[in-house]
Ligand code: F0G
């Protein structure tokens, strides 16, 4: 009998070409969805603040991508061979070599996490009253700048404050804003310029190499140091390779190195790109700065050869940094985020565009237009997503922005809820469940009221503030 070839439903040139994650799952962690009345009780007990929910009450945890990555078998192997000597652990030297090779800086100073590095850098470089211009603030970064007596000044492009602007590099610095600031205050009043690679508070938006080069040229001309927050620089490098003309064939590793070469040093929270659960570092080129940082690290973090990390943590981080540079990995990571963004937009949910590298941000101002910003629409929306489907997200709006020195609330243009995707943790189905839950909440958004704040801590209030429904 002659074999009959089954006709394809598509012309073969129309067949899609999907990507898949370059890993498979070896160990699983059980999660469960609490019943609705238990979720109602849990969010009330948590003061309507998702940071105060016990994680055992959460089904899909999109609070943050910080320290929530799944490590690889190679990283777990490195944990087992960690050298826990107080001084001079072999894992310190391995991590130092890795950071020097990958990021290209001369000196490496380990810290317990990113804010530890921000603390050291701010104490060393900022004199009271000096300005620190940056491409939008980040909560802990700005806190440490102010704690050292500095004043943060936002010099990001205007488009970054517009969630509907589709500009490809919304993390770019507005060079006119920067020049005006420096001209009106004088270069000696600028401590350094603080540049974040993929800007978290703008929605995970990247900066282009072209823009960073121009900022570098300006800084060199005016003798102003340029410091990077390289926490999500690998994700930034992926966007450069994907969409900046001339970089499509360059390896992620080479782009990361190029970005770092335009700066004098960096702070890193290793809990993100680094694919580990804890850790961070400061890296600088200047010998004197490194000496000052090493003098401080022993007071605040730990000896200069562990900085608050266990030897095994440093070993796992050295492996994680190298894994983060693999193209198939970083593509799967960033495109998984884009998958969620596209699903939400298909349901008509207003999100920040372009999609960020680590998260999709819901635009609470457009979802809850009837709520005044001082009744905390994004905080309310985040709580509602938990009520709807046990999904934990985070407010990134007026609560996160905190108060001005005169005591009034900053009223940021962006009032967002962040759906942050942990690395190598959730599947496409988890994101399908998430997008459907968001769509259901949006469909009844007009029935949601605002909140009032009933407890406000002194610093970084979003972590611990408590609320009640109005
Ligand atoms: N810089 C950036 C850009 C960050 O996103 C974070 C942390 C830090 C510095 C501070 O690092 O947490 O290790 O002390 N971001 C977390 C988040 C908290 O959820 O976005 P850390």
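Where a ≥ b ≥ c are the square roots of the eigenvalues of the C-alpha gyration tensor, would you call segment 388-459 rounded, which needs a/c under 1.5, or, failing that, prolate if a/b is larger than b/c, or oblate? Write out the running numbers ahead of the final one.
Details: a/c = 2.72, a/b = 1.72, b/c = 1.58.
Prolate is the answer for segment 388-459, as a/c is 1.5 or above and a/b outweighs b/c.
Sort segment 46-152 into rounded, prolate or oblate with this rule: let a ≥ b ≥ c be the square roots of the eigenvalues of the Cα gyration tensor; rounded if a/c is under 1.5, and if a/c is not under 1.5, prolate when a/b is larger than b/c, oblate otherwise.
The shape class here is oblate.
Which distance in Å, rounded to a whole number, links the C-alpha centroids of segment 271-327 and segment 229-251?
Answer, in whole Å: 23.
If you take all C-alpha pairs in the chain, what percent of them are over 32 Å apart? Provide the component values of the computation, followed by the final result.
Working: 44222 of 110215 pairs.
Above the 32 Å cut-off, the chain has 40 percent of its Cα pairs.
Residue 177 to residue 74: FRET efficiency via 1/(1 + (r/R0)^6), r the Cβ-Cβ distance, R0 51 Å, to the nearest 0.05? Could you put the intermediate results ahead of the total?
Values: r = 44 Å, r/R0 = 0.86.
Using R0 = 51 Å, I get an efficiency of 0.70.
Treat each spin label as a single point 7 Å out from the Cα along the C-beta direction, and report the residue 292 to residue 37 distance in nm.
My value for the distance between the label points is 6.1 nm.
So what is the calculated 222 nm ellipticity per residue for the chain, using -39500 (n - 2.57) for each DSSP H run with n of 4 or more, over all residues, to the nearest 500 deg cm²/dmol?
Values: 16 runs with 184 residues, N = 470.
Computed ellipticity for the chain at 222 nm equals -12000 deg cm²/dmol.
Beyond 17 Å, how much of the Cα-Cα pair distribution for segment 113-201 remains, as a whole percent?
Working: 1862 of 3916 pairs.
Cα-Cα pairs of segment 113-201 separated by over 17 Å account for 48 percent.
Sorted from fewest to most neighbouring beta carbons within 10 Å, what does the list 396, 444, 343 look like? Each step should come with its number before you reach the end.
Values: 396 28, 444 10, 343 19.
Lowest to highest Cβ neighbour count: 444, 343, 396.
Under 18 Å from a point 7 Å along the Cα-to-Cβ line of residue 223: which residues of segment 118-161 have their amide N that close?
125-127, 130-131
For residue 164 and residue 370, FRET efficiency with R0 = 22 Å and r from the beta-carbon atoms, rounded to 0.05? List each step's numbers first, then the result.
Values: r = 19 Å, r/R0 = 0.88.
Calculated value: 0.70.
Roughly how many whole Å is it from the C-alpha centroid of segment 106-124 to that of segment 429-448?
Distance between centres, Cα-based: 39 Å.
How much length is gained on full extension from residue 84 to residue 436, taking 0.36 nm per residue of separation minus their Cα-Cα distance? Before the final figure, lay out the partial values.
Details: separation 352, 0.36 × 352 = 126.72 nm, distance 4.62 nm.
Answer, rounded to one decimal: 122.1 nm.
If packing is taken as the average count of other Cβ atoms within 10 Å, what order do 106-119, 402-415, 203-216 fall into, highest mean first?
Values: 106-119: 24.3, 402-415: 13.6, 203-216: 22.5.
Order by mean packing, descending: 106-119, 203-216, 402-415.
What would the Debye formula give as log10 I(q)/I(0) at q = 0.07, 0.11, 0.15 Å⁻¹ for the alpha-carbon point model of segment 73-324, no solvent?
For the requested q values the scattering log ratios are -0.22, -0.55, -1.01.
Measuring from centroid to centroid over Cα atoms, what is the spacing of segment 17-59 and segment 165-214 in Å?
About 36 Å separates the Cα centre of segment 17-59 from the one of segment 165-214.
Highest mean first, what order results for 78-84, 307-313 on Cβ atoms within 10 Å?
On the way: 78-84: 15.0, 307-313: 23.1.
Output ranking for 78-84, 307-313: 307-313, 78-84.
Taken together, the values in this text are just the output of simple stated rules run on the coordinates, not laboratory data. All of these numbers come straight from a predicted model, not from anything done at the bench. Glycine also receives a Cβ, built like all others from the backbone with ideal geometry; neighbour counts cover every protein chain displayed.
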